[in-house]
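Data first, discussion second: the structure below is written as structure tokens.
The values are calculated or read from the model by the stated rules, or taken from the named source; none is laboratory data. These numbers were taken from a predicted model, which means no experiment stands behind them. Virtual Cβ from ideal backbone geometry, glycine too; neighbours counted across all protein chains shown.
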Amino acid sequence: MHFALEHDQVIFNTTQDRLQPRMGEPVKLRYLEKLLLQALLSNVNDKREIIQYVWPKTIVSDGSYHKLVFDLRKQLSLSGLDSALIKTIPRRGLVYAGQWRILEITAQDVNLSSGHPAVENASSGQKPDQAVSGQADKEEASIKWILAYSFSSAERWKGRIDAIAQQMFAKIIRAAPGVSFMYFLGGIAGVLSSMLLLDA
């Protein structure tokens, strides 16, 4: 999985552990820097959860945590991004305050001369049914993300997120074919809140 940061100014390549600016040399990330940025882009923002994500099964000092945050901010600056995009939430944790999106990249999408992924567009030669299928996959992934985010503090839901997301997506498609998916996100959030309150 790769992430496009700040309107595709920089691509965060998670397989090669680097930040690739649109113009310029790639910035190599250390493994822990990569994990920290991945955590923030996965909406892991609480300090304890960040430490568990980056250093599982390890006791970590505040000094090591703050040093890693400092180092990652420096790497963002080297790639041409503002280091202030990683904001500290006092007594809570961190947040990536910029714009980002997930990229699904294949080897064919990479421009070998620059190493920068090609930008997807409507004139990519996809057949209409492939485009609809791709959109459906993205919408199902969005539901999974909403569920994962909503249930992140409820351990008992971990194994059920995929199944619930698929059921909800199928019901939405059957109930309202042709209606915009985004219309239902508010309803989904309400259903999730109700489920959590009833289960608490």
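Applying a threshold of 7 Å to beta carbon distances and a minimum spacing of six or more residues, or different chains, the list of pairs starting in the stretch 21-41 at a residue that is in the same structural domain as Trp55 (by TED's automatic domain parsing) and ending at one that is in a loop (DSSP other than H, G, I, E, B) and hydroxyl-bearing (Ser, Thr, Tyr) reads Pro21/Ser79; Val27/Ser79; Lys34/Thr14; Gln38/Thr14.
Scanning the stretch 42-83 for residues that are touching a residue at least 24 places away in the same chain (Cβ under 8 Å), outside any helix (DSSP H, G or I) and among the acidic types (Asp, Glu) yields a count of 1. Condition check for Leu40 on (1) at positive phi; (2) surrounded by 16 or more Cβ atoms within 10 Å (Cβ to Cβ): one failure, at (1). Summed over the stretch 27-68, residues that are more than 23 Å from Arg101 (Cβ to Cβ) and either among the hydrophobic types (A, V, I, L, M, F, W, C) or touching an Asp or Glu at 6+ places or on another chain (Cβ under 6 Å) (or both) total 6.
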